[in-house]
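For reference, the structure discussed in these notes is given below.
The values are calculated or read from the model by the stated rules, or taken from the named source; none is laboratory data. Please read these numbers as outputs of a predicted model, since none were measured by experiment. Reconstructed Cβ throughout: ideal geometry from the backbone, glycine too, with neighbour counts over all protein chains shown. Areas reflect the complete protein model, heavy atoms only, side chains present, ligands, DNA and RNA absent. Shrake-Rupley method; radii C 1.70, N 1.55, O 1.52, S 1.80 Å.
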Amino acid sequence: MRQGEWLSRVRAALVAGRSGTLQELRSLLQEAVEVAESPAVEKARSELQELITIALRWEEKAKMCLEARQKHSPATLEAIIKEAENIPVQLPNTLSLKEALCKARAWSADVDEIQSGDHYPCLDDLEGLVAVGRDLPVKMDELHQLEVQVTAAHSWREKAAKTFLKKNSCFTLLEVLCPSADISSSNAKRAQWRKEKERGLYRSDMESLGLSAQDLRDPGCIVLAFKEGEQKEKAGILRLRTINSSMERRCVCVCGEPPGELMIRCELCQDLFHGLCVPTPRLTSSHRGTHSSSPPPAWWEWDSRFLCPLCVRSRRPRLQTILSLLVALQKLPVRLPEGEALQCLTERAMSWQDRARRVLATPEISAAAATLVEKRKKLQHNKDPQALRETTCNEQTPLPHENGDTHFENGTAMPDLDAMAALLPQNEKTPVLEMSIGSRALLEDLMLEGDLLEVTLEEELSIWRLLQVSQTACVERLKTLIEIDRCERRANRPKGKDHDKRKKRRSERVEGGYPPPTLQKEEVGPKRSRSDRALDTAPEKESPRKVGTESNQNGERL
């Protein structure tokens, strides 16, 4: 009876279509030891042993496919799974491999759906697909292509970040490219700037445009949000200028200290800052690349525009640099929120540039610009020749000024600050050029919108100079900038002479043909030690014992 029961259980386990587990087959094989011997029992035992061996072989093969570094193609895995399914045994590794193959097919379907859409796939979606595809033990040709696209997108983003973001910037790239949403709150903006600067906090990309993660995947939503951000930014800066102009005494710098000496006002937000706490314009920066150490002939050509670090959030690259980034972006089959924002920023900058060129080409403003050029030529022509000769002499052999000014910066002769102070206008009540109120208002509105752009355009400088000469000169601001420049030069002046620099200058004098007399004598004979030279110069009547006990300045025994 026991033998018949065991044989019936074996027949049920070996029936095709019924899948038992390996543990059940092993239990039946162990129970065969206690069953009475017979030809039927022996045959059933052999069939069980063969089935277990085949099942273990396919299970090991499936395990190798799951754990192998070199992934197999879906066709190979499908053939393995099809052969393993003919075995009436449940194989865990084979089931896992079958599940992975189903996920790979679903993954390929998702890739085809994304790539066949109306727009290029978003970078976040591709990164998610790449992360899932790398975990699957299936070789998929689309995975390498997606990895290349993701790597190229990250490279473009890093290049754009290096182009726009300052070193240790507290802003993200998308935040810099988008209009500032909280520009109307001066105190909140300054507090947030200090907090992020100290802690290195970054806002998420969704907060930059006020869009959700799903909206960031739609180019239309990004463009619409950008346009709305432009209007909010302009309205906010107008409110901020009014507030800062009316509360001068309560304005504080980014350092948090109350107003003091050498305060300078931002041209955009009209807020006050300490001149030594923020990067201020160098009046001679436009002439650093030239070999002339003379200051510009006219005060309105000095680089005196100051925009605070709260308003200038990026490096503000030139339009040509941005256009090259856009050309590289067009080659990417990937969509980035930063790319959409950069396109909107470029369109905004080019639109502003077209408007500025049309305004500068109007009869009144173009005539004023031509008059300004004639005045500059006249000032250069009337410059004292004796002063030119002195300037040329100072270029060749510059000497330190008595007030501590440094005449060199980065190897280039710099103009003397006292000479620049002498060029300040004496009559502060009369503008250099007369311009109508309507033209001035048009230029001021353009200047305001141009300062909001995180792009450097040549038309901004032309508009700035025209606005400078069409109003009374702000001599106090220019004097403040000169004094700030003087303080920075004194702070950067070296406090002592370096021994290595003296040694280098001494060697240069020797190479130039002017060696000291001692070096000329030493070069004739062979090199000798300091003790040998001391013995040669010792008196002849000196006793050897006394000579041996003397020491030189360095403590060497002579």
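Filtered by the rule that a residue be under 25 Å from E444 (Cα atoms), touching a strand residue (DSSP E or B) at 6+ places or on another chain (Cβ under 9 Å) and either part of a helix (DSSP H, G or I) or open to solvent by less than 10 Å² (accessible area, probe 1.4 Å) (or both), segment 311-361 gives a lone residue, L319.
Does E459 satisfy the condition of being surrounded by fewer than 18 Cβ atoms within 10 Å (Cβ to Cβ) and either free of Cβ contacts under 8 Å to residues at least 12 places away in the same chain or part of a helix (DSSP H, G or I) (or both)? No; evaluated as a whole, the condition is false for this residue.
Within segment 28-44, if we keep just the residues that are over 17 Å from V15 (Cβ atoms) and not hydrophobic (A, V, I, L, M, F, W, C), the residue that is surrounded by the most Cβ atoms within 10 Å (Cβ to Cβ) turns out to be E31. If the condition is being among the aliphatic types (A, V, I, L, M) and at pLDDT 80 or above, then segment 13-32 contributes L22, L25, L28, L29, A32. Among the residues making up segment 131-164, a single one is under 13 Å from the mean Cα position of the chain (by Cα) and acidic (D, E): E158.
Just give me the residues in segment 69-107 being open to solvent by 40 Å² or more (accessible area, probe 1.4 Å), closer than 15 Å to G133 by Cα and either hydrophobic (A, V, I, L, M, F, W, C) or part of a helix (DSSP H, G or I) (or both), in sequence order. If the condition is that a residue be open to solvent by 40 Å² or more (accessible area, probe 1.4 Å), closer than 15 Å to G133 by Cα and either hydrophobic (A, V, I, L, M, F, W, C) or part of a helix (DSSP H, G or I) (or both), then P74, E99, C102, K103, R105, A106 are the ones that fit.
Residues in segment 258-279 that are in contact (Cβ under 8 Å) with a residue 60 or more places away in the chain, open to solvent by 20 Å² or more (accessible area, probe 1.4 Å) and out of contact with any strand residue (DSSP E or B) (no Cβ under 6 Å at 6 or more places or on another chain): L262, E267, L276.
If you go through segment 104-131 and keep only what is hydroxyl-bearing (S, T, Y) and modelled with pLDDT of 90 or more, you end up with just S108.
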